[in-house]
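Read the structure below first, then the notes.
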Amino acid sequence: MAQVGGDERGIGLIEIVISMFLLAIITVALVPLLVNGYKVSAQNRLVARASQLVSWNIEDAQHYNGGIPSCASIASLVSVPQAPASAPSGVQLQLHFAGACGTSNVLASGGYLVPITVSVTQAGTTQTLASASTSVYVTG
C-alpha cells in the first residue's frame, strides 16, 4: 500500500523547471544592458583616443621643429592634410588644424600669439570626437 504524506526530501522536477524559467527571464532582461554597455565602452575608447591625439598635436604645434614655431611653420601645419590615425578598434581618425597668423596679437617681445584649434573626426564623417583650442607663441 502507498504511503500518503510521506517523506518529500529534495527538489522536484517542477521546482527545477520554474527556477530555470525565472533565470531565463532575468537573463533576457540583462542582455540589452550588457550590449549597450559594450557599445558605450567602445565609444568612450574612441573619444579617449581622439582626445589623446588632440593633446599630442597641440603640444607638437607649441614646440614645432623642436623650438619656438614661426608663422610659416604654423601655416604649413594648418595647410598640409594630416594622415589618418588608427584607433585600437581599427577606426580611422582624421586630424584637423585651424589657425592663422595675424598682426593683432603682437607681443612686446616681437612674437605673436596665434590661436589654433585641433580637432579629430572619424574619417569619412563630420562628427567631431574631440577638439581643443590654444594660443601658440610664434616668431615672425
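Here the scattering of the chain is modelled by Debye summation over its C-alpha atoms, one equal scatterer each and no solvent; at q = 0.12, 0.18, 0.22 Å⁻¹ the log10 of I(q)/I(0) is -0.65, -1.00, -1.24.
Counting only DSSP beta bridges whose two residues both lie in the chain, roughly 95 percent are antiparallel. In this rough spin-label picture, where each label sits 7 Å from Cα along the Cβ direction, the residue 34-residue 14 distance is 3.2 nm.
Taking the longest Cα principal axis of the chain as reference, the axis of helix 13-62 is set at about 10 degrees. Each Cα pair under 8 Å and six or more residues apart adds its separation to the average, and for the chain the resulting relative contact order is 21 percent.
A simple spin-label model places pseudo-atoms 7 Å from Cα toward Cβ; at residue 137 and residue 92 they are separated by 3.9 nm.
No lab work stands behind these numbers, since they all come straight from the coordinates. For clarity, every value in this text was computed on a predicted model and none was experimentally measured. Heads up, the Cβs are rebuilt from the backbone with ideal geometry, glycines too, and the neighbour counts pull from every protein chain shown.
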